[in-house]
Amino acid sequence: MQLRTDVTYAPAAPARPHGRRGASVRRLACAGLLCASMALCPCALALADADAAWADVRRTDVIAGTAMEQRGIAAAVCPSIDAERAIVVDADGKVYFERNASDPAQIASVTKVMTAVVALDAAPLDTPVTVSALAAEVGESSAHLQEGDVMSLEEALKALMIPSGNDAAIAIAESVGKVMLGGSGTDEEALAAFVEGMNAKAAELGCTDSVFTNPHGLDDGAWEGDLHSTAADVAKIAACAMGNETFRGIVGTEAAAIEVDRAGEKASIELESTDELLGVYEGACGIKTGFTDLAGACFAGAATRDGVELYAIVLKSSSEAQRFADATTLFDWVYDNRVTYVLAHAAESVPVTLGGTQVDAPVVAEVAHADWPDRTVKATFADPAASVEVFALDGNVSESFTFDEPTGDVKVGDVLGRATFHQGNEVIAEVDLVACEDVAAPGVFESIGIWWDRFIKGFSGEPTTADSVVLNDVSLIYDKQALVV
């Protein structure tokens, strides 16, 4: 194997033996530890198998919108994965990591996510789905449907997504395609209409380089063609699909049984998911595997922890086991780098009652009282304990304060301004500044003296009120100097 000069290498996870689903995933954690140790110990390369697959960190990997080589951070804080194309995003579309995410590639059975999306958009769940000869004979991954089988669309979607049934894909496309044609048309016409619907949906979702030519993702022989997508496009499709509760329920199922009408009788078919993370990896909730010789091992995975849902798309990993190792590496990397950032960091605090609750309020600013020449009002945040979840590698936090000009009697809780917090170019929090002490307005005689004092100072240009001062500090999330390569 020829080593590249733009990467840090680490060995990939071993190939998965058939029939040992749980054991293969449990090995992922061990493989991840080995990957980390190899990345930090170049001498280990001499002991490695030259024919082994390698996870790596590439200087062109994009971390939170900026290439690693431009950010100047160490490989040790970046995810080491094997896939040639990858992306990890959250449900709001925030992109945490990219590797060749806009490069077109075959996506194999990950195609079926779009098949499910179009079917759910186009037809009710009780729509009858009939298995044609073409569907029954398509081959490769199968739900073991037979020609003439009839089931509801909901059952057919289980056959599509859980065991990755190519037979179910054709049956759904032909049956739902006829619904899209108004209830008429041949199986061939219906299949073409359904695929056209897949491409229309891709355009609607903002996919930039996706072409679908069939509903299952096979890419050779009779199914050879220009079918392709990108990791970034797949992430958009996955997010759309996971917004449908029926879809979520199906892809989050490890095993199920469906019932079909077969030759006038009921037949039960047992299904087992190809997603080996379900029930094993914390928060795993779907969604789809894929493999062909051209596409390699692919996986569009979803995980949810502490209310944060992530989609990790890995295309062309070196093995079926490695695609899961790559996905969990990306998930763990994002979750491990999410931190709770407390907004208030002040040296002084005062006891005060805010909102009916006694608190020790950090004094984050002193706001000039407009009626006094030398008085300020101590201020805190409306919620002194306010915090925000941030992704550490987005960079350190900055703050800006705007102050009102309070006059008259100021009471605890009165709004005195606003603080805005940024991470990079993104506003991550906005909070009101409120008084944490009472300050009375000047009395009549004091006001006369202040007026005269300001009149005199007006001739000399001296300030006639105190300065508002920010006392809050922004703490470092990461010391950049500790991360430089």
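Would you say E437 is among the charged types (D, E, K, R) and either modelled with pLDDT under 90 or not in a loop (DSSP other than H, G, I, E, B) (or both)?
It is false that E437 is among the charged types (D, E, K, R) and either modelled with pLDDT under 90 or not in a loop (DSSP other than H, G, I, E, B) (or both).
Collect the residues in region 237-276 that are under 24 Å from V131 (Cα atoms), without any contact (Cβ under 8 Å) to a residue 12 or more places away in the chain and outside any loop (DSSP other than H, G, I, E, B), keeping them in residue-number order. Listed by number, the residues that qualify are G249, E265, K266, S268.
Condition test on D383, is it over 40 Å from the mean Cα position of the chain (by Cα), closer than 16 Å to V434 by Cβ and charged (D, E, K, R)? For D383, the condition - over 40 Å from the mean Cα position of the chain (by Cα), closer than 16 Å to V434 by Cβ and charged (D, E, K, R) - is not met.
Quick check: is even one residue across region 207-218 under 23 Å from S141 (Cα atoms), surrounded by fewer than 17 Cβ atoms within 10 Å (Cβ to Cβ), in contact with a strand residue (DSSP E or B) (Cβ under 8 Å, 6 or more places away or on another chain) and modelled with pLDDT of 95 or more? Looking for residues that are under 23 Å from S141 (Cα atoms), surrounded by fewer than 17 Cβ atoms within 10 Å (Cβ to Cβ), in contact with a strand residue (DSSP E or B) (Cβ under 8 Å, 6 or more places away or on another chain) and modelled with pLDDT of 95 or more, one finds at least one in region 207-218, hence yes.
If you check T340, T329 for being hydroxyl-bearing (S, T, Y), touching a strand residue (DSSP E or B) at 6+ places or on another chain (Cβ under 6 Å) and buried (at least 22 other Cβ atoms within 10 Å of the Cβ), only one passes: T329. Counting only residues that are within 29 Å of R71 (Cβ to Cβ) and β-branched (V, I, T), which one in region 377-426 is surrounded by the most Cβ atoms within 10 Å (Cβ to Cβ)? The residue in question is V390. Being within 19 Å of L120 (Cα to Cα) and surrounded by 14 or more Cβ atoms within 10 Å (Cβ to Cβ) holds for only one residue in A232, A256, A193, A200, and it is A193. The residues on offer are A46, A50, A74, and the sole one that is surrounded by 14 or more Cβ atoms within 10 Å (Cβ to Cβ), farther than 28 Å from S164 by Cβ and modelled with pLDDT under 90 is A74.
Scanning region 322-360 for residues that are of a type outside the set (D, E, K, R), more than 35 Å from the chain's Cα centre (by Cα) and either under 16 Å from G417 (Cβ atoms) or in a strand (DSSP E or B) (or both) yields a total of 9. In summary, helices (runs of 4 or more DSSP H) completely within region 108-224 and bearing 2 or more residues that are among the aliphatic types (A, V, I, L, M), assigned by TED's automatic domain parsing to the domain that holds M242 and farther than 24 Å from T292 by Cβ occur at 111-122, 166-180, 187-204.
The values are calculated or read from the model by the stated rules, or taken from the named source; none is laboratory data. Values in this document were obtained by computation on a predicted structure and should not be read as measured data. Ideal geometry is used to build each Cβ from the backbone, glycine not excepted, and the neighbour counts take in all protein chains shown.
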